[in-house]
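Okay, structure first, notes after.
The values are calculated or read from the model by the stated rules, or taken from the named source; none is laboratory data. These numbers were taken from a predicted model, which means no experiment stands behind them. Because the Cβ atoms are built from the backbone with ideal geometry, glycine has one as well, and the counts that use them run over all protein chains shown.
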Amino acid sequence: MKKVSVVILGLGSRGLHAYADCVRQFPDKMEIAAVADIRPEMVELAKKLYGIPPERCFTSGEELLSCGKLGDAAFICTQDRQHFAHASKALEVGYDLLLEKPISPDPEECRRLVELAERLNRRVSVCHVLRYTPFYGELKRLLDVGAVGDVVSVQHIENVIYWHQAHSFVRGNWRNSAETSPMILQKCCHDMDLLVWLLGERAVKVSSFGGLHEFRPEMAPEGSGERCAECAVRDGCPFDAEKIYLTNKGTGVLAGNTGWPVDVLTPEPDEKSVRRAIGTGPYGRCVYRCDNDVVDHQVVNIEFEGGATAQLTMCAFTKRGGRDTVIMGTRGQIIANLNEQTIHVMPYDGDNYDVDIRKLASDLRGHSGGDTRLVEEFLELVAGDAKESVRTTTLAASAESHYIAFAAERSRLEGGRTVDMREFRE
Ligand SMILES: NC(=O)c1ccc[n+]([C@@H]2O[C@H](COP(=O)([O-])OP(=O)(O)OC[C@H]3O[C@@H](n4cnc5c(N)ncnc54)[C@H](O)[C@@H]3O)[C@@H](O)[C@H]2O)c1
């Protein structure tokens, strides 16, 4: 296969840690032609980790894109509200794109980008990584072979996890919808995409309720301080920054974790750098006194073209992560648990059986194995070695998921009004 050379805009959790690293996994398929970030320390880290020559390191995506075409494809991994400008310019320069979600928090920009990519005939894959997981691949296969007949209804839960909510949606990058995206788009465009993909139909109507229950000043415990370091009641608080970033068995640096989420606080995490970050930076703020406004729970009802219905619950208040999906069909029922990697199939006219995904696939790192499979497929598509498959997340397919999220947010803000999807598609 022809090696695909990529330029990476944005060297944060996704650009550097999830995607640049694929060069080690697929050394015959990918090479890094250039990188850009406005944070010099991230550019330095990329240079050190992947040996990028200094003349191929840029101080912003804008600067990189102003140099003409430096590779075959661009990975757009900047923040939500930058995607449209970076992606449009990159398409015009001549790149195919691996584009982080959301395409844009603005429906009009989503439409314009779809049109631009079609007009210029460029390939764009949007990073709906879950489609590329062995877990959802198997679920899709089961539905396509009719394991439960026609799907009539789906119940889908996105378990955010209490500390993930505090990290990303209260203290972190996605806390404020005006600065980034509404949470139902940011977190659940993946879920909307899965529902459309699994059912093979577009949505026609959407309604939604939700709000911010916990993370606001009125809910602050008596005696709590502005920052965890000065809080008198931190022992009883599960959102205490020291617990999340130092001592938690899964996420804390003292328990051996140097990856996400601690690598968001500091590029090279150890006890000292993490303590410094939570002592002075945004991730040490009291969760009841941040400038956050995104929801911590939301439900969405969806009606599809063929009459099937789906109900999505996104909630911060869970201890475990992953998604739970119950699929109710005319010939059977499925209970699928992403966290456990198990799919329990219950045909009405036969014996129940379990599919254990861990027995089907070995590498389930990085979004249950979705990250690397997404990149590998994209590289093969750009190299011309593969054709689009049933799971390819084209820009147009991804836009559908975004329109549902936009409709859900409009409904929520308008008291649960039923929104006709034509309001967004046309
Ligand atoms: N597909 C998924 O499952 C998934 C998961 C998490 C995040 N995301 C998305 O990926 C995107 C990036 O998220 P992240 O967690 O990596 O965030 P991040 O903040 O860690 O990384 C973004 C990087 O962009 C850099 N940047 C800002 N302005 C720039 C500019 N003008 N030019 C070049 N670089 C610039 C920042 O300095 C930062 O390093 C977000 O839009 C997010 O929604 C997707």
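Just need a number here: residues in the stretch 21-55 that are in contact with a Leu (Cβ under 7 Å, 6 or more places away or on another chain) and assigned to a helix (DSSP H, G or I).
Summing the residues that are in contact with a Leu (Cβ under 7 Å, 6 or more places away or on another chain) and assigned to a helix (DSSP H, G or I) in the stretch 21-55 gives 4.
For the stretch 63-75, check the following and say yes or no: at least one residue is within 13 Å of the ligand (Cβ to nearest atom) and touching a Pro at 6+ places or on another chain (Cβ under 9 Å).
No: zero hits.
With respect to the numbered conditions (1) farther than 18 Å from Ala20 by Cβ; (2) surrounded by fewer than 24 Cβ atoms within 10 Å (Cβ to Cβ), which one is the sole condition not fulfilled by Ala87?
It fails just one condition, (2).
Looking at the stretch 1-14, is at least one residue within 16 Å of the ligand (Cβ to nearest atom), over 26 Å from Asp363 (Cα atoms) and either of a type in the set (A, V, I, L, M) or touching a residue at least 24 places away in the same chain (Cβ under 8 Å) (or both)?
Yes.
For Glu108, only one of the following conditions fails: (1) surrounded by 18 or more Cβ atoms within 10 Å (Cβ to Cβ); (2) more than 14 Å from the ligand (Cβ to nearest atom); (3) not in a strand (DSSP E or B). What is its number?
It is condition (1) that Glu108 fails.
Scan the stretch 357-378 for residues that are of a type in the set (S, T, N, Q) and either closer than 18 Å to Ser13 by Cβ or within 13 Å of the ligand (Cβ to nearest atom) (or both) and report the count.
Selection size over the stretch 357-378: 2.
The conditions are (1) within 12 Å of the ligand (Cβ to nearest atom); (2) more than 18 Å from the chain's Cα centre (by Cα); (3) assigned to a helix (DSSP H, G or I), and Glu92 fails exactly one of them. Which is it?
So the condition that Glu92 fails would be (1).
Quick test of your reading of the structure: Val375 fulfils all but one of (1) modelled with pLDDT under 95; (2) within 16 Å of the chain's Cα centre (by Cα). Name the failing condition by number.
Just one mismatch for Val375, condition (1).
State the number of residues belonging to the stretch 17-37 that are in contact with a strand residue (DSSP E or B) (Cβ under 9 Å, 6 or more places away or on another chain), within 10 Å of the ligand (Cβ to nearest atom) and in contact (Cβ under 8 Å) with a residue 40 or more places away in the chain.
1
Consider only pairs whose beta carbons are under 9 Å apart and that are at least six residues apart or on different chains; among these, list those whose first residue lies in the stretch 38-66 and is in contact (Cβ under 8 Å) with a residue 60 or more places away in the chain and whose second residue is part of a helix (DSSP H, G or I).
Sorted first by the residue in the stretch 38-66, then by its partner, the pairs are Met42/Gly15; Met42/Leu16; Leu45/Leu16.
Just checking, does the stretch 75-89 include any residue being touching a strand residue (DSSP E or B) at 6+ places or on another chain (Cβ under 8 Å), over 22 Å from Phe378 (Cα atoms), outside the structural domain of Tyr403 (by TED's automatic domain parsing) and in a strand (DSSP E or B)?
No, because not a single residue in the stretch 75-89 is touching a strand residue (DSSP E or B) at 6+ places or on another chain (Cβ under 8 Å), over 22 Å from Phe378 (Cα atoms), outside the structural domain of Tyr403 (by TED's automatic domain parsing) and in a strand (DSSP E or B).
In the stretch 284-312, how many are in a strand (DSSP E or B) and of a type outside the set (Phe, Trp, Tyr)?
12
Report yes if some residue within the stretch 212-225 is surrounded by fewer than 19 Cβ atoms within 10 Å (Cβ to Cβ), within 21 Å of the chain's Cα centre (by Cα) and on the phi < 0 side of the Ramachandran plot; otherwise report no.
yes
Have a look at Gly10, Gly68 and point out the one that is surrounded by 18 or more Cβ atoms within 10 Å (Cβ to Cβ) and small (Gly, Ala, Ser).
Gly10
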